[in-house]
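**Student:** Please see the structure below; I have some questions.
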Amino acid sequence: MSVVLETRGLTKAFGGLVAVNDVSLQLHKGELLALIGPNGAGKSTCFNMLMGQLRPTKGSVHLMGEDITGLSPRVIWRRGVGRTFQITATYASMTVVENVQMALLSHNHQVLKVLPYAHKMHRDRAHELLEMVGMAEQADRHCAVLAYGDLKRLELAIALAHEPTLLLMDEPTAGMAPRERIALMQLTADIVRDQGVSVLFTEHDMDVVFAHSHRIMVLNRGQLIADGNVEAIRNDPRVQEVYLGGGTVFKSEDEAEDA
Amino acid sequence: MKRKTFLKGMIGAAALAAMPLSAAAQDPIKIGEINHYKRMAAFAEPYRNGIELALEQVNENGGVMGRPLEFIFRDDQGEPGEAIKIAEELMTRDGAVMLTGSILSNVGLAISSLAAQRGYVYLASEPLADSLVWESGNDYTFRLRTSTYMQAAMLAEEAAKTDATTFATIAPNYAYGKDAVSAFKENLLRLKPEAEFVAEQWPALFKIDAGAEVQALERSKPDAIYNVTFGPDLGKFVREGTDRGLFEGRQVFGLLSGEPEYLDPLGAEAPEGWIVTGYPWYDLKEGAAGAFVSAYQERWDDYPRLGSIVGYMTVQSIAAALEKAGSTETDAIREAFKDLTLDTPMGEITYRGIDHQSTMGAYVGTLALRDDKGVMVDWVYKDGADYLPSDEEVSKLRPAD
Amino acid sequence: MGLFIAQLLTGLANAGALFMVASGLSLIFGVTRIVNFAHGSFYMLGAYVGYTLIQVLPGVVGFWGAILLAGLAVGLIGMLVEILVLRPVYRAPELFQLVATFGVILVIQDLALMTWGPEDLLGPRSPGLVGVVRIMGEPVPKYDIALLVITPFVALALWYLMTQTRVGVLVRAATQDREMVGALGVNQAWLFTGVFALGCGLAGLGGALQLPKGGADLMMDFNILTAVFVVVVIGGMGSLPGAYLAAVIISVLNVFGVTYIPQSTLVLMFIVMVLVLMIRPYGLFGREEVAGEHGQVGEPERPIKPAGLQVRLLVAAGVAALAALPLYGSGFMQVLTTDILIFCLFAASLHFLLGLGGLVSFGHAAYFGGGAYVAGLLVKHAGTPMELAFILAPLGAGLGAFIIGWVCLRLTGVYFAMLTLAFAQLLWSLVFQWGEFTGGDDGILGLWPAKWLSGTTPYFYFTLVFSVGGVLFLRHVAHSPFGYALRAARDSERQAEATGINTRRVRMLAFSFAGFMAGLAGGLFVFSKGSIFPNELEITRSFDALIVVFLGGVKTLSGGIVGAAFFKGVEDVLTRFEYWRLAMGLLIIGVVILAPDGIVGTLRKWAERLGVLKRAEDES
């Protein structure tokens, strides 16, 4: 299996605090890889370095063998990386389908055009994407009035618009009801299967993680402490130590990290 | 409604052309007056009072050409763009035969530019800018008030008589201030070549930092100071300068500082000894000058400001021009204004054919305190005609028409 | 050395009034997020009320008592204004309240004129503090020394109030997170009222305190406004120590500027501001503004759709009616309509930035006046034919906007707005002062259209084509991918950047495009008036556009032009009356209160309620 994403010795220090310490990981084609860890483990920092929001202090990021360290989020996106946010980010003043069209316009380098009508462009493709995430019926609704779960699905459709090879999902099910979580992750798993996309996601709901990931990596205090399939992680004493012995609260973990 | 008035105007004009004069005798002759009634209320109100007094007098005496004279007053907010719009309205819809008004130079210049383009006669009553009759002068614009150049030249003449050789100037940092300083310099250096200018201060208009300006002037140790600041700036400058002893042992020449509009707000703090241009209405008891003052006081229960006499003379000038023209046609009025001579409370004035500037002069005197109020003493009236450049120079300044 | 010390003292004394006014503005902004344009008016009121009280109250005690009472009285007036005018519109879109405060300016101007008359009042002297003391041989006015002592005292008292009292803690908490203060069970409305009253009281105190150094006049309000904005921005919006430091820096620098570069008096302040913001984008002590962090964004904008056939027909009919104007309207109607059309284009260009991009420019006049000056200067200095100058006007304005946008777009929110204001003022000062080149205040004259366009009717058609064309094009661009990208950048910069949209580039281009269109309006303006003066670059011109855009309705596509046409028309009528500013001010306040979504937005809601228009699904 070919390696889609690879980090080598990824490190980020904020002043004296080392948030991510020497993380090396590999993500293979078609893989659904979960990155977990307790509060303050460095997951979001790690994610932000992958997406270009943060520049690593040391180490490098490689996409399909090419070094993408320090490139801007825009460039990384153009290289075929899509992402969804922990707190949804959509265009509230537009309709659902226009949100997707926007990503398609950007993908086709058409955002600076002033003559054509935007709402007529890539409409069919946008509908296909909405179909894929089960949002086709809501295509013409005002984005600002959507339910939270629907926003998450819309975001997924946006992230898939440029047919990415890699999808980074930061806490994809945060803030959702348990049933919605399962449904969204099932959807994601289906897309991975059908489209051949690779996914790296962070998550704090262990049910979701254990139910859907192909492989799990555990981050604690900035360092990778475990890497393996579901069974292996479930039985790993260090992971149990971190999660159960540490007494950390799962909920709302990355909120503190983001703040 | 607008259309109606327009049509009425048309019919009126047609009737005027077709019928003998007697039939239209009661139709007033309308003059469009544009000013900054709100933005510069302290100046515009006395000016308007002067106009209304004169109108009443003119109309009591049978009007002009047997028709009453009427002014339409409009507020332009002190915006040149608005003034242009209003001027168009006055001339095309309200049936005004000519335009007058404005205190601010920029508004006056804007109207004069329109006047030349559209062929309207404009009598710039109060704006001071020299360029109005010189660099930017045109065939359709005339100016009544003693210009910046003339008043600066009068003060320069006084300054040349003193022993002072080093001068410092303080003037608001915009066109009027710059004109006032350069005219003073030009005239002083002509009369007194050894004069030297050791400092030039340029406070922002109405944002003077008086303490700092006084310190800067003091630093240059001049023999004399030429002041062009006015309004709130003048009050601050006088107070800081007096407190910090800037004026001690120094002769100060103040442009416009003796005009009641600027002098009166200073009250008992009026700077004694300054040589200024202004309007000493309190000492005008005799002749036409005195008659105007008492008529004004009787009519308005208030004393006249400089603006009042300008307003009064504006009406006089327009009435005289119309009488001389014998018509309300633009070309006739324009021709009539050229070399028009009339008697005013300030004596005889002439609208010079060469540059359309009237020879209205100014009172020059020394500031003193009387009953805790600033007044001008030892004043003389200087005829404007004596303080204009030679005809040769003027024709060089003015674009060939 | 003596002179240096004396100069320093002068600067510090000058900082006094400036600090008090600025700290009030900063406080109000920090807590209520209102940019109080009327702050200068409260300063002016303080001076007038103080003047009147000093006439009544005798002696030293009377003098200082009068000053304190003036501050108190103005605080009460501020409280009244807050309750009557601002409280009803806190839920309106962000910055909408500043329109209401502009209405307050107009009302106060006329009321002050009615009450105190038109003549400037020279401030009374402070009893016992007349004259100077000598410090190292240099005279320093005694009152300056008094101010030097009072100002830090007031600053300390404010600091104590803010940091050591419960009220202060609540106020500071509200600066950070107003929702939380509400959650703490504090009556937010009264907290706002209190802070607004305190801020206005400080302005009034500043106005009264400067009396012995100046006086009271009707132009004080606008004359101090820019300086106060500059101080607040340099210090950091919402920061009291920042306001103090900035007031001192500006005042002291000004004193030395006056002495060593006397020509610098207008520009110095703005140059300092631009420099500070280049290095510290949020002022010396300011915090980064995060859009919407204060929970005041209002309801989200609705999706837009190109006009349907009905609307298109309606617009076509309207344009046809306009085009036929010379057949039934008088010459003056054409002149007036020309003015209105030009202003509509100007307002629409600002609306494009504001409505679609969420970019509030406080200095849009720079491009309107800038375009006009480009044309004027070309004609004057290069003898450029009118047609060519007209074409170059928008290009010049667009280029200028590109350069200014490049600098300003590093900032966001109100700091962006303030920086655009600073650049506009810088440009104005340059034009105003550089008389040899620009004609200064005397402007440039004789800028009339070419022969084939001279005359009211031909120029009316010329304006009609370019204004209507410009407005329609702006509207079309709103529906194009570029317009969508601009909205995307406003709605969620994070998502836009994450999907490959270069939001900075989009905004730069939008800013330049809006500048271009404003320049087109400026080009039309200059040849319709035949002359150009620095007035067209003034802060009031920028405000004019801002106000009509807000009043028309920011969140609607046609808000800009409807607001512009409505207010230009109303202004033409109202200025015929004596107290037109009062009427205009009350009208503005009335619209703000009755139509918090702007004229178009509110009409739309009414129409929806009446069932004339289809209800939006999010309408509650």
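**Student:** How large is the charge dipole for the protein assembly as shown, taken about the Cα centre, if only the Cβ atoms of Lys, Arg (+1) and Asp, Glu (-1) carry charge, to the nearest 20 debye?
**Tutor:** Numbers: 100 positive and 127 negative charges, 679 e Å.
For the protein assembly as shown, the charge dipole is close to 3260 debye.
**Student:** Taking a point 7 angstrom from the Cα of B:THR165 along the C-beta vector, which residues in the stretch B:211-251 have backbone N less than 12 Å away?
**Tutor:** Flagged as within label range: B:223.
**Student:** Can you list the trypsin sites (Lys or Arg not before Pro) in the stretch B:161-242 that are in a DSSP coil and have 13 or fewer other beta carbons within 10 angstrom?
**Tutor:** Numbers: sites: B:LYS161, B:LYS178, B:LYS185, B:ARG190, B:LYS207, B:ARG219, B:LYS236, B:ARG239; in loops: B:LYS207.
Filter output for the stretch B:161-242: empty list.
**Student:** Among B:SER125, B:SER105, B:SER390, which one shows the highest mean-square fluctuation when chain B is modelled as a Gaussian network with alpha-carbon springs under 10 Å?
**Tutor:** B:SER390
**Student:** Choose one of A:ASN229, A:PRO172, C:HIS351: the residue whose Cα lies farthest towards the positive end of the charge dipole of the protein assembly as shown (beta-carbon charges +1 Lys, Arg; -1 Asp, Glu; about the Cα centre).
**Tutor:** Of A:ASN229, A:PRO172, C:HIS351, it is A:ASN229.
**Student:** Please compute, over every Cα-Cα pair in chain B, the percentage with a separation greater than 28 angstrom. Numbers along the way, then the final one.
**Tutor:** Values: 37391 of 80200 pairs.
Above the 28 Å cut-off, chain B has 47 percent of its Cα pairs.
**Student:** I want to make sure I understand the PRE zone here: with the label point 7 angstrom from the Cα of C:ALA382 toward its beta carbon, which residues in the stretch C:524-559 have backbone N atoms less than 18 Å away?
**Tutor:** What the label zone holds, given the 18 Å backbone N cut-off, is C:524, C:526-527.
**Student:** Shifting gears a bit: What are the principal axis extents of the Cα atoms in the stretch B:281-392, in Å, biggest first?
**Tutor:** That works out to 51, 38, 20 Å along the principal axes.
**Student:** Now for a separate question. Let's test the formula: R0 of 60 Å, r as the Cβ-Cβ distance of C:SER454 and C:VAL133. What FRET efficiency results, to the nearest 0.05? Provide the component values of the computation, followed by the final result.
**Tutor:** Details: r = 66 Å, r/R0 = 1.09.
The computed FRET efficiency comes out at 0.35.
**Student:** Assuming R0 = 35 Å, what is the FRET efficiency of C:ILE271 and C:VAL167, from their Cβ-Cβ distance, to the nearest 0.05? Can you show the working numbers first?
**Tutor:** On the way: r = 38 Å, r/R0 = 1.09.
Calculated value: 0.35.
**Student:** Dipole of chain B, Cα-centred, from +1 at each Lys and Arg C-beta and -1 at each Asp and Glu C-beta, to the nearest 20 debye? Let's see the in-between values first.
**Tutor:** Details: 39 positive and 61 negative charges, 233 e Å.
For chain B, the charge dipole is close to 1120 debye.
**Student:** Still on this structure: Would you order C:SER349, C:SER330, B:SER358 from fewest to most other beta-carbon atoms within 10 Å of each residue's own beta-carbon? Intermediate values should be presented prior to the final figure.
**Tutor:** Values: C:SER349 33, C:SER330 20, B:SER358 29.
Placing the least packed residue first, the sequence is C:SER330, B:SER358, C:SER349.
**Student:** Right, next: Find the centroid of the Cα atoms in the stretch B:300-337 and in the stretch A:58-87, then give the distance between the two in whole Å.
**Tutor:** Taking the Cα centre of each part, the stretch B:300-337 and the stretch A:58-87 sit 80 Å apart.
**Student:** What's the center-to-center distance, using Cα atoms, between the stretch C:428-455 and the stretch C:485-541 in Å?
**Tutor:** Rounded to whole Å, the Cα centres lie 23 Å apart.
**Student:** Could you tell me the ratio Rg/Rh of the stretch A:6-125? Both radii from Cα atoms, Rh via Kirkwood. Could the numbers behind the result be given before it?
**Tutor:** Values: Rg = 17.4 Å, Rh = 16.5 Å.
Rounded to two decimals, Rg over Rh is 1.05.
**Student:** As an exercise, use a Förster radius of 25 Å and the Cβ-Cβ distance of C:TYR260 and C:MET1 to find the FRET efficiency, rounded to the nearest 0.05. All intermediate terms of the calculation are to be shown ahead of the outcome.
**Tutor:** Working: r = 16 Å, r/R0 = 0.64.
After rounding, the FRET efficiency stands at 0.95.
**Student:** From Cα pairs below 8 angstrom and at least 6 apart in sequence, can you work out the relative contact order of the stretch A:90-162, rounded to a whole percent?
**Tutor:** Numbers: 83 pairs, mean separation 35.3, N = 73.
Reported relative contact order: 48 percent.
**Student:** Give me a single rounded figure for B:216-224: the average over its residues of other chain Cβ atoms within 10 Å of their Cβ.
**Tutor:** Values: counts 9, 3, 4, 4, 1, 0, 0, 0, 0.
The per-residue average across the peptide is 2.
**Student:** Going from the alpha-carbon gyration tensor of the stretch A:173-233, what semi-axes, largest first and in whole Å, does one get by taking the root of 5 times each eigenvalue? Write out the running numbers ahead of the final one.
**Tutor:** Working: eigenvalues 84, 46, 21 Å².
The three semi-axes for the stretch A:173-233 are 21, 15, 10 Å.
**Student:** In whole Å, what are the Cα extents of the stretch C:2-221 along the three principal axes, biggest one first?
**Tutor:** 59, 41, 30
**Student:** Which shape class applies to chain C: rounded if a/c is under 1.5, otherwise prolate when a/b exceeds b/c and oblate if not, where a ≥ b ≥ c are the square roots of the Cα gyration tensor eigenvalues?
**Tutor:** On the way: a/c = 1.74, a/b = 1.41, b/c = 1.23.
Prolate, because a/c is 1.5 or more and a/b exceeds b/c.
**Student:** About its Cα centre, how strong a charge dipole does the stretch A:90-162 have in debye, to the nearest 20, once Lys and Arg get +1 and Asp and Glu get -1 at the Cβ? Please report the intermediate quantities before stating the final value.
**Tutor:** Numbers: 7 positive and 8 negative charges, 43 e Å.
Dipole size: approximately 200 debye.
**Student:** Build a GNM of chain B with springs between Cα atoms under 10 Å: which of B:ASP163, B:ASP355, B:ASP331 gets the top mean-square fluctuation?
**Tutor:** B:ASP163
**Student:** Find the percent of Cα-Cα distances in the stretch B:164-230 that exceed 13 Å, and round it to a whole number.
**Tutor:** Values: 1331 of 2211 pairs.
Roughly 60 percent, once rounded to a whole number.
**Student:** Report, in whole Å, the centroid distance computed from the Cα atoms of the stretch A:168-236 and the stretch C:108-135.
**Tutor:** 73 Å
**Student:** In addition: Evaluate the stretch C:214-294: find the radius of gyration of its Cα atoms, find its Kirkwood radius, and give the ratio Rg to Rh.
**Tutor:** Working: Rg = 14.0 Å, Rh = 13.6 Å.
Reported Rg/Rh, Kirkwood definition of Rh: 1.03.
**Student:** Treat the count of other C-beta atoms within 10 Å as a stand-in for reagent exposure and order C:ILE593, C:ILE599 from fewest to most. Mind showing how you got there, number by number?
**Tutor:** On the way: C:ILE593 17, C:ILE599 22.
Ascending Cβ contact count within 10 Å gives the list C:ILE593, C:ILE599.
**Student:** What's the exposure ranking of C:TRP452, C:TRP406, C:TRP428, B:TRP202, going from fewest to most Cβ atoms within 10 Å?
**Tutor:** Details: C:TRP452 10, C:TRP406 13, C:TRP428 27, B:TRP202 24.
Fewest-to-most Cβ neighbours within 10 Å comes out as C:TRP452, C:TRP406, B:TRP202, C:TRP428.
**Student:** Sort the stretch C:345-557 into rounded, prolate or oblate with this rule: let a ≥ b ≥ c be the square roots of the eigenvalues of the Cα gyration tensor; rounded if a/c is under 1.5, and if a/c is not under 1.5, prolate when a/b is larger than b/c, oblate otherwise. If you can, show how the numbers build up before the last one.
**Tutor:** Values: a/c = 2.12, a/b = 1.55, b/c = 1.37.
Here the stretch C:345-557 falls in the prolate category.
**Student:** Taking a 23 Å limit on the Cα-Cα distance, which of the listed pairs B:LYS185/B:LYS338; B:LYS185/B:LYS382; B:LYS178/B:LYS236; B:LYS185/B:LYS207; B:LYS161/B:LYS221; B:LYS185/B:LYS373 fall beyond it?
**Tutor:** Working: B:LYS185/B:LYS338 30 Å; B:LYS185/B:LYS382 19 Å; B:LYS178/B:LYS236 20 Å; B:LYS185/B:LYS207 25 Å; B:LYS161/B:LYS221 20 Å; B:LYS185/B:LYS373 31 Å.
From the list (B:LYS185/B:LYS338; B:LYS185/B:LYS382; B:LYS178/B:LYS236; B:LYS185/B:LYS207; B:LYS161/B:LYS221; B:LYS185/B:LYS373), the Cα-Cα distance tops 23 Å for B:LYS185/B:LYS338; B:LYS185/B:LYS207; B:LYS185/B:LYS373.
**Student:** How large is the Kirkwood hydrodynamic radius of the stretch A:90-162, in angstrom, based on all distinct alpha carbon pairs?
**Tutor:** On the way: mean 1/r = 0.0838 Å⁻¹.
With all distinct Cα pairs of the stretch A:90-162 included, I get 11.9 Å.
**Student:** Grab the eigenvalues of the alpha-carbon gyration tensor for the protein assembly as shown, scale each by 5, take roots, and send me the semi-axes largest first in whole angstrom.
**Tutor:** Numbers: eigenvalues 812, 275, 130 Å².
Semi-axes, largest first: 64, 37, 26 Å.
**Student:** Would you work out the relative contact order for chain A, in percent, from Cα pairs under 8 angstrom that are 6 or more residues apart? Mind dumping the intermediate values first?
**Tutor:** Values: 481 pairs, mean separation 72.0, N = 259.
RCO, chain A: 28 percent.
**Student:** Given H placed 1.01 Å from N in the peptide plane, which residues other than close sequence neighbours of C:LEU613 have an amide H under 5 Å from its amide H?
**Tutor:** For C:LEU613, whose amide H was placed from the backbone, the distant partners under 5 Å are C:GLU608.
**Student:** Taking every residue in A:90-101, how many Cβ atoms of other protein chains lie within 10 Å of its Cβ, on average?
**Tutor:** Values: counts 5, 13, 10, 14, 9, 4, 1, 1, 5, 5, 1, 2.
Partner-chain Cβ atoms within 10 Å, mean over residues of A:90-101: 6.
**Student:** Please return the longest range in chain C lying between exposed loop sites, taking GluC sites (Glu not before Pro), DSSP loop only, at most 16 other beta-carbon atoms within 10 Å, and leaving the sites out. Don't skip to the answer; put the middle values down first.
**Tutor:** On the way: sites that count: C:GLU288, C:GLU293, C:GLU578, C:GLU617, C:GLU619.
Looking at chain C, C:1-287 is the longest stretch - no exposed GluC sites (Glu not before Pro) with at most 16 other Cβ atoms within 10 Å.
**Student:** For chain C, calculate the relative contact order in percent as a whole number, restricting contacts to Cα pairs under 8 Å that are 6 or more residues apart. Let's see the in-between values first.
**Tutor:** Values: 1044 pairs, mean separation 123.2, N = 620.
Rounded, it is 20 percent for chain C.
Since every read-out is calculated from the coordinates, none of them should be taken as a lab result. It should be emphasised that the depicted structure is a prediction, and the values quoted were computed from it without experimental measurement. FYI the Cβ positions are ideal-geometry reconstructions off the backbone, even for glycines, and counts take in every protein chain you see.
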